[in-house]
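Right, one structure below, let's go through it.
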Amino acid sequence: MFGTMIPETFASVLAAYATCFQARSYPTFQWLVLGWVQCLERRTLTAVALASGAVGVHHISVFHRFFARAQWRLDAVGQVVFEQALRWLPADQPVYLLGDDTLARKQGKCVSLASMHHDPLLSTARKPFFSFGHVWVVLALWVPLPMGRGRGFALPLLVRLYTGAKRGGRADAPSRPTPGTRRRVADTAHATRDQRTKLELLREQVGLVAGWAPTRRFYLAVDSAYAGRMLLEQRPPNVHVVSRLRPDAALWAPAPKRRPGQKGRPRRRGARLPTPQQVAARCRQWQALTVTIYGRTITTQVRPLRALWYTALRAQPLAIVLVRDPTGKRRDEAFFCTDPTATARFILEAYARRWTLEVTFHDAKQFLGFADPQCQTPQAVQRTAPFALLVYDLVLLWFAEHAHSATSPVWPVRPWYRHKAAPSFVDMLAALRGALGPPRFLEPVCSTRRRRNSPPTAPNGELRAA
């Protein structure tokens, strides 16, 4: 049946994941991927099942049990994605990893593992805003797929759910009290939650991916919120971190060499150095540097440094680069890399690749319904939303493998996009839908038996005309 519904090009991409599932679960996995791609409405499990055309062939509970009870692991699926994407990276080039977190807002007091989190999109500099939902810590792989024109794409590999301490949303409406059973399950799941921080979750993910290819050299690009001692000091030996440096970071010179006959404990750091902000204010000679970031080639001013950031990494000095905008429109910034041999151009271009993960979050939420599923049990919550990121990976890998080599553009030509040279994710998704053929029927294939209402009767007991 799947041979007639899924084309051979896409079936070959899905075949690599057969080892991650049991024999009974793998067809359900194919149905879900098919429905997730073809669904044109909100990505609830019911809508995905209708879009796949499996209603009438399988009971709707089969799809819920796939996320709530089936024996399969997200980490094993992420490893297959890593193996498929690794062939697009040359063996002599470093592997770039991207780490960040994103918020998926939720509604409903019975949703397990949901809590109150800071909402960066609704907050302002003066007034913070908090939303109820799930925060996902994502580790992605930067891959220069051919349709990206050098910009690259972020393919999510591993996902972890971060649960805050404040549950929130416990007050019931006077007219609609919450059922007790599901409420107790959600409260129990929050009480027994994984209490690790975001840094600890990301550190675990980095260790897993670094073990998948121990001979490769990895560079992890993260925001300044993840540039802490937990990640910098406990990272695997084949992983280096590229991040933003605080302008008031306390920098130190390396420890001086020990003199002959000197007594006492060896020093771990030397003299105190000016902060990056102070160095930028005193610097009068900047170096002009041409870099390619965010898909554009620009010329900026840099000042390389080498210092010890003892607060976060006590073992070795960092390669630091100060950046100044020649136009004066942006404030001075500082970036660092744990690899002391890294150049200023390498640090800036490596950190700029982190923006592709933000694009992945946007596309997964807007076009694949990353925040749409309304599952309530703990295990279903931890699996359903990351499944949208897996579908995102499958669409990109299929397009790079089979659709990019087409002679004509796969996106519709519009007169207002005269200079469009690269497809967007919506174009890739539309191309895959076209390859899958006509959309599945949105109604069950079997007729639904409905109970007929009794004919209306008049007050005197006689039948009334309809």
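Figure note: His118, His402 ranked by solvent-accessible area, largest first, 1.4 Å probe, ligands and nucleic acids not counted: His118, His402.
What fraction of the DSSP beta bridges in the chain is antiparallel, stated in percent and rounded to the nearest 5?
About 85 percent, rounded to the nearest 5.
The number of Lys pairs in the chain with C-alpha atoms less than 30 Å apart, excluding pairs fewer than 8 positions apart on the same chain, is 17. For the stretch 230-284, the relative contact order works out to 36 percent when only alpha carbon pairs closer than 8 Å and six or more residues apart are counted.
Take each peptide in 149-162, 350-363, count the other Cβ atoms within 10 Å of every residue, and average; sorted highest first, the result is 149-162, 350-363. Only helices enter the 222 nm calculation for the chain: every DSSP H run of n ≥ 4 contributes -39,500 (n - 2.57), and dividing by all residues gives -9500 deg cm²/dmol, rounded to 500.
Between the stretch 317-335 and the stretch 222-289, the alpha-carbon centres lie 16 Å apart.
With the highest mean first, a sort of the peptides 122-130, 193-201 on other beta-carbon atoms found within 10 angstrom per residue produces 193-201, 122-130. Between beta-carbons, use under 13 Å as the cut-off and find the net charge around Thr360, counting Lys and Arg +1, Asp and Glu -1. So the surrounding residues net to -1.
Classify the stretch 1-153 as rounded, prolate or oblate, taking a ≥ b ≥ c as the square roots of the eigenvalues of its Cα gyration tensor: rounded when a/c is under 1.5, otherwise prolate if a/b is larger than b/c and oblate if not. In terms of gyration-tensor shape, oblate. Computed with every protein chain present, the accessible area of Leu289 is close to 20 Å² [probe 1.4 Å].
Ratio of Rg to Rh for the stretch 300-377, alpha carbon only, Kirkwood?
Radius of gyration relative to Kirkwood radius: 1.18.
Mean sequence separation of contacting Cα pairs (under 8 Å, at least six apart), scaled by the length of the chain, corresponds to a relative contact order of 19 percent. Relative contact order of the stretch 278-331, taken over Cα pairs closer than 8 Å and 6 or more residues apart, is 27 percent. Within the chain, the whole DSSP H helices whose Cα atoms reach 24 Å or more along their own axis and whose mean Kyte-Doolittle score is at least -1.0 are 378-398. This structure gives Cα extents along the principal axes in Å, computed directly, and of (i) 96, 62, 52; (ii) 84, 50, 45; (iii) 112, 60, 45 that value is listed as (iii). A Cβ-based charge dipole, computed about the Cα centre of the chain with Lys and Arg at +1 and Asp and Glu at -1, lands at about 1920 debye. Using the Cβ of Asp339 as centre and a radius below 12 Å, the other residues enclosed give a net charge of +3, where K and R count +1 and D and E count -1.
With Cα atoms as the point set, the stretch 71-120 shows a radius of gyration and Dmax of 17.1, 51 Å.
Each principal axis of the stretch 82-232 carries a Cα extent, and these read 64, 34, 34 Å when sorted largest first. For the peptides 390-399, 415-424, the ranking by mean Cβ contacts within 10 Å, running from highest to lowest, is 390-399, 415-424. Calculated from the alpha-carbon coordinates, the stretch 249-364 shows an Rg and a Dmax of 17.4, 63 Å respectively. Spherically averaged projected area of the convex hull of Cα atoms, the stretch 360-403: 3.2 nm².
The values are calculated or read from the model by the stated rules, or taken from the named source; none is laboratory data. From a predicted model like this one, the values you see are computed outputs, not experimental measurements. Using ideal geometry, Cβ is built from the backbone for each residue, glycine included, and neighbour counts are taken over all protein chains shown. SASA here: full protein model, heavy atoms, side chains in, ligands and nucleic acids out. Shrake-Rupley method; radii C 1.70, N 1.55, O 1.52, S 1.80 Å.
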